[in-house]
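What follows is a single structure, written as structure tokens, with notes after it.
Throughout, read-outs are computed from the coordinates displayed, never taken from laboratory work. Everything numeric in this text was worked out from a predicted model, so none of it was measured. Glycine gets a Cβ as well: all are built from the backbone with ideal geometry, and neighbour counts include every protein chain shown.
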Amino acid sequence: MAYLLIPNNKYPSKSMVSYTIVRRDTMAQREYPNITIEDYHIINQNSQSARYEYLDGELRMLAGGSADHSTITANLTGILYGLLRGGPCKVYNPDMQLQLSESRYVYPDVTVTCDPRDEAPEDSKTHYPTVVIEVLSPSTETTDRGKKLLYYQAHPTIQDYMMADSQSILIEVYHREKSRWTFSTYKLEDKAQLESLSIQFPVRDVYERTGLIRKHQ
């Protein structure tokens, strides 16, 4: 069972925020809490065990994923690191926060940036990614396909947005081509492409050692 810390309305100063503990299952049928950006930074910085995203005022706690979700994320990180090693691009895992704008802060499952300003950011955030990857799960799929898709496409440096399903073997990629976006899907025997990085890799490798791949053996 997960819990979410919600800042109370009254507190002495911005550096002394008090919180209310809310059971996450009680929030399932209602909207996400709205808080100020100042309160978000305090909550996210002081949290020892949870990570929080912030989407235009909405506070969202990231819950732990399934074993397959974790494996797919690790596989993608390793695949991209191997393909891009020695080049100008750097691969970040889900611990690295991405700031999309002044009111949008997220933790993608995988981020690839080729901008030297993201090599060692002083604020511990990336700002200029080329590729963003989300591993879909039942609790995040609606947001990943909805709001985040729109937000990622609105970011000027993002050229590819990849979604890898953790419930079935399927990879989807949105690729920026000048003023429009193309959409591609890849299945088990295909090779997924990230055109902005000029790389491709087998979908089978992404799902290696998952329960999904064992069903096809």
For the table LYS147/LYS215; LYS90/LYS215; LYS148/LYS187; LYS90/LYS148, the rows whose alpha-carbon distance is greater than 26 Å are LYS147/LYS215; LYS90/LYS215
For segment 82-164, what is the Kirkwood hydrodynamic radius in Å, using each pair of distinct C-alpha atoms?
-> 13.0
Scan the chain and report its longest stretch carrying no GluC sites (Glu not before Pro) that are both in a DSSP loop and have at most 16 other Cβ atoms within 10 Å.
-> 32-101
Roughly what would the spin-label model give for GLU122 and GLU38, points 7 Å off Cα along C-beta, in nm?
-> 2.3
List the trypsin sites (Lys or Arg not before Pro) in segment 111-176 that DSSP assigns to loop (not H, G, I, E or B) and whose Cβ has at most 16 other Cβ atoms within 10 Å. Which are they?
-> none
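Using R₀ = 35 Å, calculate the FRET efficiency as 1/(1 + (r/R₀)^6) where r is the Cβ-Cβ separation of SER139 and SER198; round to 0.05.
Calculated value: 0.55.
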Antiparallel as a % of all DSSP beta bridges within the chain, to the nearest 5?
-> 85
Of the convex hull enclosing the alpha-carbon atoms of segment 38-133, the direction-averaged projected area in nm² is 6.5
With charges set only on the Cβ (+1 for Lys and Arg, -1 for Asp and Glu), what does the dipole of segment 67-214 come to about its Cα centre, in debye to the nearest 20?
-> 220
Before anything else, pin down the relative contact order of segment 67-214: Cα pairs under 8 Å, at least 6 apart, normalised by residue count, whole percent.
-> 20
Sites ALA63 and SER101 - FRET efficiency at Förster radius 25 Å, r taken between beta-carbons, to 0.05 = 0.55
